[in-house]
1. If you take the residues in the range 147-162 that are open to solvent by less than 50 Å² (accessible area, probe 1.4 Å) and assigned to a loop (DSSP other than H, G, I, E, B), which one is nearest to ligand 2 (Cβ to nearest atom)?
2. Sort through Ala116, Ala137, Ala131, Ala144 and tell me the only one that's open to solvent by less than 10 Å² (accessible area, probe 1.4 Å) and either in a helix (DSSP H, G or I) or within 16 Å of ligand 2 (Cβ to nearest atom) (or both).
3. Within the range 70-91, track down each residue that is within 18 Å of Gly15 (Cα to Cα) and in a helix (DSSP H, G or I).
4. So which residues in the range 372-393 are closer than 19 Å to Gly136 by Cα, of a type in the set (A, V, I, L, M) and surrounded by fewer than 21 Cβ atoms within 10 Å (Cβ to Cβ)?
5. Can you tell me which residue among Gly71, Gly107, Gly77, Gly85 is more than 22 Å from Lys5 (Cα to Cα), open to solvent by less than 10 Å² (accessible area, probe 1.4 Å) and at pLDDT 95 or above?
6. Looking only at the range 82-106, filter to residues that are of a type in the set (Val, Ile, Thr) and in contact with a Gly (Cβ under 7 Å, 6 or more places away or on another chain); which one of those is farthest from Leu150 (Cα to Cα)?
7. Of all the residues that make up the range 90-104, how many are within 16 Å of ligand 2 (Cβ to nearest atom) and open to solvent by 10 Å² or more (accessible area, probe 1.4 Å)?
8. Just to check your reading of the model, which residue among Ser253, Ser265 is touching a residue at least 12 places away in the same chain (Cβ under 8 Å) and polar (S, T, N, Q)?
Amino acid sequence: MSQFKQFITVLGATGSIGVSTLDVVARHPQRYGVFALTAHRQVDKLFAQCLQHRPAYAVVDRPDDALRLQGQLDAAGCCTEVLSGAASLVAVASAPEVDMVMAAIVGAAGLVPTLAAARSGKRILLANKEALVMSGALFMQEVAANGATLLPIDSEHNAIFQALPSGFTQGVDGVEVTRILLTASGGPFRRKPLAELAAVTPEMACAHPNWVMGRKISVDSATMMNKGLEVIEAHWLFGAPAERIEVVIHPESVIHSMVAYVDGSVLAQLGNPDMRTPIAHAMAYPERVDAGVKPLDLFAVGQLNFERPDLERFPCLALAYRALEAGGIAPAVLNAANEVAVESFLAGGLGFDRIAAVIAATLDSVPQQAADSLEAVLAADAQARELAAGFVRQSCR
Ligand code: NAD
Ligand code: MG
């Protein structure tokens, strides 16, 4: 164990990944300390987290929330300083006191602070896959140019990282990998008759069979856009071309992903579906620490099953491959359109079965361009959001 305590900033501390991260932190008080916690609107939850973890800083979105939280913390005798706004997210992700940044904001809102962590050479624990999907080439360049360390939290990518040779830094071509096998549970609608998908409600879509997650990623899992985003994520993290990333439906979610080698070996990482495993792995890497996760009981699991994904049922998966192959800003457009469509679905607007059509129409409408600067990526994101909102309105009429 390193002799110094490691300080972490948790971006998105009040979310599902944030809470699991703080659970791992609390199990190892000699090893980890909290520098900053951030939240968007869940100020009461952030207050309780500040009392427990005593960070130097807390960040919320609105100045009035910051003022209220500061008052509550002062009254409780907690010395945390409360900040607000996007610039404060960047500040706590790049402060010199910070060793590690857990990037667990959901969606495009996490891009700028996560990029700031890369630019300041931090160990980045990447849960916020949307950030990498939007800005892949740029993000990886910033990581390399600034000596940052990028460790995947997504359970599949963490599994792949564990199944690659230790210290893996090059693209998969350099290590005789033939295929990356990305496992997917298939979500709650793997067997639902296609004609019933139009009547799916947000509650039905968010009831994932194996994982408890935030609402946006739960819907993404139900459409399998989550797996599509993960294919793009794997491309950037492991330098793997699209044709060597294969999605395998594995309904038990026990094998978290696999790597196939040229000699016929297939290495897998297994475990209970509990995000504290990849979180603890990435926090302690290359060491191992207790994550509070129940041991895997293979006798209780009994069987492991595998199926090919059905692209008629899951058109979002095909759209993600299309965006990856198109390159440039296409993945950012795909991501933005998906965020708009899912938000409308969760708010009771767009039908579940219309999500893919909105994304496809948006991909068709935004002219292709290079994604070679943050400005280009953010402009594509903004343009795609506007167009997608128009397609959502048409679909809801
Ligand atoms: P969540 O909705 O539970 O939490 C999101 C967090 O982001 C909250 O703390 C929220 O306050 C914050 N946030 C939301 N909008 C924001 C904004 N505009 N500005 C600043 N902060 C904002 O989501 P989650 O399930 O914890 O997922 C977080 C990220 O991790 C997502 O990118 C998701 O794809 C990824 N991920 C999650 C899981 C999981 O098991 N939950 C697994 C793999 C990857
Ligand atoms: Mg995943």
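The values are calculated or read from the model by the stated rules, or taken from the named source; none is laboratory data. Note that this is a predicted model, so its numbers are computed, not measured. Every residue, glycine among them, receives a Cβ derived from its backbone with ideal geometry; neighbour counts consider all protein chains shown. Accessible surface areas use protein heavy atoms only, side chains included; no ligands, DNA or RNA. Shrake-Rupley method; radii C 1.70, N 1.55, O 1.52, S 1.80 Å.
1. The residue in question is Asp154.
2. When all the criteria are applied, what remains is Ala131.
3. Ala86, Leu89 - these are the residues of the range 70-91 that are within 18 Å of Gly15 (Cα to Cα) and in a helix (DSSP H, G or I).
4. Selection gives Leu374, Ala376, Leu378, Ala379, Ala382.
5. From the options Gly71, Gly107, Gly77, Gly85, the qualifying one is Gly107.
6. Only one residue tops the list, namely Val106.
7. We begin by selecting, within the range 90-104, every residue within 16 Å of ligand 2 (Cβ to nearest atom); these are 102-104.
Then keep just the ones that are open to solvent by 10 Å² or more (accessible area, probe 1.4 Å); that gives 104.
Qualifying residue count for the region: 1.
8. Ser253
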